[in-house]
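One structure is given below, encoded as structure tokens.
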2 protein chains.
Amino acid sequence: MTTSIKDVALLAGVSVATVSRVLGNGPVSAALRAKVEAAVAQSGYRPNLSARRLRSQASRTIGLIVSDIRNPFFTSVSRAVEDVAYRAGMRVILCNTDENPDKEAMYLRLMQEERVSGVIFAATRATADSLDVAGLGFPVVMIDRAGPAARCDAVLLDNRTAAAQLVEHLLGRGYRRIGGLFGNTSSTGAERHAGFAEAMERAGLPAAARFVAPSAEAAQAEAAKWLGDAGAPEALIASNGLLLLGVVKAVREAGVAVPGRLALAGFDNDSWTELADPGMTVIEQPVDEIGRAAMEMLLERLERPERPLRKVVLAGRLVERGSSQPRG
Amino acid sequence: MTTSIKDVALLAGVSVATVSRVLGNGPVSAALRAKVEAAVAQSGYRPNLSARRLRSQASRTIGLIVSDIRNPFFTSVSRAVEDVAYRAGMRVILCNTDENPDKEAMYLRLMQEERVSGVIFAATRATADSLDVAGLGFPVVMIDRAGPAARCDAVLLDNRTAAAQLVEHLLGRGYRRIGGLFGNTSSTGAERHAGFAEAMERAGLPAAARFVAPSAEAAQAEAAKWLGDAGAPEALIASNGLLLLGVVKAVREAGVAVPGRLALAGFDNDSWTELADPGMTVIEQPVDEIGRAAMEMLLERLERPERPLRKVVLAGRLVERGSSQPRG
DNA sequence: GCTGGCATTGAAAACGATTACATTTTTTCT
DNA sequence: AGAAAAAATGTAATCGTTTTCAATGCCAGC
């Protein structure tokens, strides 16, 4: 039996209402306040958050639903989200969906049952397209991936432009037969593919694209196959950090020279990209900024539910490294 | 206003008790059960977890307190913990302490207020030594770092042996002037240092050790300084993945040849260690196993609070790569 | 010495669920 | 068919808070 507010009241010789007021900075005389504080200290009392939430109808909790916390992009984002959230006195429930729509549905249901104030969500395409945001009962801020067209706030990278930027970078370095490897579960993969395809078309070149499950393993397998094919590309773009990692592993395995026989470029300036020779050319995403902006956006939405929807689009930054050195 | 169990009862024409029983698989006739289920579906009712927890006095929630979720070791462990937890119908609250004892205290307080069933905790040395586990009100399983001597369950790596194994590996490869860089906040750093020092002493060699804050940045700065010193070591051991990352960055920066002028070895088989030339020799920790074992241990403890304390000590696996090639 | 106003305080009603207990209905047995 | 046992259902208490509302005490003003 843990001690409750009633025990504290008894110990201090006051009513529970007074104890509650002391805890919540209500109007209480100095004398009683001191007695209550002594009783709290002596009894080691800890308020019960479930009871508090039930009574006050405010969870002061938000949900953060991402596809894989092992992806450095999401860990960084979630750290930023948490920092802002905790500063605002909110807790964060972190959930992994493994890009699985069933798990997404399950976690959304959980969020409803927790009566969270809001959710920050990196959804799969399947869920993003069909999600009934209005029926959820809490505001949603989409990150990394677009939500149902204009139905909720979002913080996104300018994926098309960034992908096109990579293509143009490679073209400028003399590469022509450029392939792209994209995740097949997210709108992000689709958008990056679109930017890639557009840029290739502008250059009058055919765009060879392949889609895989967004994991290093899948990317490694696909890249290995691709490298063995006739007419394998001279340069490869991977649409996120995990895919790039898989590609690099496949390349190493096959003993392919980078950039000699195959140039590489991708997304996410993960720490290894600088270290794996000859260094990976990548689009760096402003991860802290994404997390911070998403959380701030959610807080603003909670404060003023009727404000118009907003979409924050952030630019990526091209980090040039050895993997895309001029074709020799 | 969200719909409550009372609304469902009204809609279905039964008492709230019956609705509750339908939800909890209590004894209810098929006819009423159908009516209730229809009402639940129609109203979109979602049970309120706060109310449920308050009444049933069971949170079905555990806390996972780690020092830094950006450390791949902890992300992998937390994934494993979550998998086991969710399979057992428990939720996980994940907390980052940044190795800061104040934050640790704050989160432990939060865990009490959430009335969690138990906590899995990677504590700093300061907290581990002074923690009053009994007064917390819930069982604690320590991971990665030892808790107050024999006061709680723990899942640990055999740090001394692993560190000694690295030393002996380097000795076998012909290196003599071996330095060690260790984290200064955790007992893990201390234990790995102990294993390092013992092994060096057995070999009759002086052990040069330095301690830094457990971040890549701190390690990089310290390593840069060290490499500039007179009598810099021929080989360096870093006591975790982040420190090793910092060391490698410093080495690159300084243009030091690995292993030619400096051999490297460390802990944690993070994905980049395979990719950064010439590949890093590391002790691989069984991360999934650590998380799984910790969560299972906690579940068992919850089931039988009086069972004797247990300490699971897991062995690391030496992964030999180019960074410790025989001295030429 | 009242009266009105103000600041404290306490009693009691929520919040939304579960569950012990009482009551009703159904089944089973003679 | 009737009684006893078993099963289903409802009533109301309860979990630990916050908050409304009423009551109390104190002081100033007359």
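Rg and Dmax of region B:136-241, both derived from C-alpha coordinates alone, stand at 15.4, 53 Å. Inter-chain neighbour count for B:40-50: the average number of beta-carbon atoms from partner chains within 10 Å of each residue's beta-carbon is 4. Pairwise inverse Cα distances across region A:185-309, averaged and inverted, put the Kirkwood hydrodynamic radius at 16.3 Å. Mean sequence separation of contacting Cα pairs (under 8 Å, at least six apart), scaled by the length of region A:170-328, corresponds to a relative contact order of 23 percent.
Of all the options A:125, A:55, A:252, the one that moves most in a Gaussian network model of chain A with Cα springs shorter than 10 angstrom is A:55. Within the straight-line cut-off of under 16 Å between alpha carbons, the aspartates and glutamates reachable from residue B:249 are A:270, A:274, A:277, B:217, B:222, B:270, B:274, B:277, sequence neighbours fewer than 8 places apart in one chain being disregarded. Straight Cα distances below 17 angstrom link residue A:6 to the lysines A:35, with same-chain residues fewer than 8 positions distant left out. For chain B, the longest principal axis of the C-alpha atoms and the axis of helix B:30-43 are separated by about 60°.
Database remark: amide H of residue A:240 closer than 5 angstrom to the amide H of A:267 (H placed geometrically; neighbours at sequence offset of 5 or more, or on other chains; Pro and chain starts carry no H). Position residue B:177: other-copy label points at 5.0 nm, ordered by increasing distance, label point 7 Å along Cα→C-beta. Counted over all Cα-Cα pairs of the protein assembly as shown, pairs farther apart than 49 Å make up 20 percent. In the elastic network of chain B, a GNM with C-alpha springs shorter than 10 Å, the most mobile of B:155, B:36, B:119 is B:36.
Distances between placed amide hydrogens fall under 5 Å for residue B:142 paired with B:121, B:153, B:154, B:155, all partners being 5 or more residues away or on another chain. Overall, the anisotropy analysis places region A:181-236 in the oblate class: the square-rooted eigenvalues a ≥ b ≥ c of its C-alpha gyration tensor yield a/c not less than 1.5, with a/b not exceeding b/c. The calculated Kirkwood hydrodynamic radius for chain B is 22.2 Å, given to one decimal from all distinct C-alpha pairs.
Each other copy places its own label point for residue A:7 at 3.6 nm from this one, sorted shortest first, where the point lies 7 Å along the Cα-to-beta carbon line. What the pair-distance distribution of region B:5-47 shows, using all Cα-Cα distances binned every 10 Å from zero, is 35, 62, 3 percent. Equivalent ellipsoid of region A:243-328: semi-axes from √(5λ) of the C-alpha gyration tensor, largest first, are 38, 12, 10 Å.
Eigenvalues of the alpha-carbon gyration tensor of region A:81-188, scaled by 5 and square-rooted, set the equivalent ellipsoid semi-axes at 33, 16, 12 angstrom, largest first. Using C-alpha pairs under 8 Å with a sequence gap of at least 6, the mean separation divided by the residue count of region B:166-232 gives a relative contact order of 33 percent. In chain A, the longest principal axis of the Cα atoms and the axis of helix A:159-172 are about 30 degrees apart. A Gaussian network model of chain A, with springs between Cα atoms under 10 Å, assigns the largest mean-square fluctuation among A:137, A:13, A:279 to A:13. Computed from Cα positions, the angle between helix B:216-228 and the longest principal axis of chain B comes to roughly 0 degrees. Which value in deg cm²/dmol, rounded to the nearest 500, describes the helix-derived mean residue ellipticity at 222 nm for chain A, given -39,500 (n - 2.57) per DSSP H run of n ≥ 4 and division by the residue count? That comes out to -14500 deg cm²/dmol.
Once you average over the residues of B:85-95, how many Cβ atoms of partner chains fall within 10 Å of each Cβ?
That works out to 3 on average.
Summary value for region B:5-47: 43 percent relative contact order, contacts being C-alpha pairs under 8 angstrom separated by 6+ residues.
By the Cα gyration tensor, region A:69-117 has an equivalent ellipsoid whose semi-axes, rounded to whole angstrom, run 20, 17, 5 from largest to smallest. Rg/Rh, computed from the Cα trace of region B:1-98 with Rh as the Kirkwood radius, has the value 1.16.
Rule-based calculations on the coordinates, nothing more; no lab input. Keep in mind the model is a prediction, meaning the values are calculated, not measured. Glycine also receives a Cβ, built like all others from the backbone with ideal geometry; neighbour counts cover every protein chain displayed.
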